[in-house]
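Before any comments, here is the structure.
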Amino acid sequence: MACNPTTLLLFVAALVLLGGASPSSGAILNGLTVNGLLCCTGNGNCPGQRLANVGVRLNCTVLGLSSTVVGIGTTNATGGYTITIPALPGLLLGSPLLPCNVNIKLPLDAAVCPVLSATTGFLVGTLHVVGTVFNTVLGLVQVASVDAYVHVGA
């Protein structure tokens, strides 16, 4: 009986995911997806008015070098964003503390968010691992989220 390679790949991926595979158990991760939500508050954390069309950058320390922008996104109409990148050399996917963070440059336009228009610096969000999913383009992708931002800079 012949087996469709795509069906076989999806079946194997489902087994790995259901088994709770992690990089330490031999799963090969091919990317990183970061999800977050931005609101018009003094530190960007929700609840609050959600901010649309705000630029978001994903910075990672790759190969132990200084932090580099590896992905760029924009918040949608509900203040949410998703940035997906392929795996990078030296980026340890699956570790409890990813060498990455999300940065939002301040000030924002006063028409967008008056509270964040009077300050400079960045809102910085640290990532925490949520799990692993199968992405049809990349394969196994680690998913991380940003739950809180802190203001950095003057």
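Coordinate-derived values only; no laboratory data. Note that this is a predicted model, so its numbers are computed, not measured. Note: ideal-geometry Cβ built from the backbone for every residue, glycine included; neighbour counts use all protein chains shown.
Worth a mention:
- Straightening the chain between Q49 and V137 buys 28.3 nm, computed as 0.36 nm per residue apart minus the Cα-Cα spacing.
- Inter-label distance, nm, simple model (7 Å from Cα along the C-beta direction), S67/T41: 2.1
- Average projection, convex hull of the Cα set of region 36-154: 7.5 square nanometres.
- Ordering 52-64, 108-120 by mean Cβ neighbour count within 10 Å, with the highest value first, yields 52-64, 108-120.
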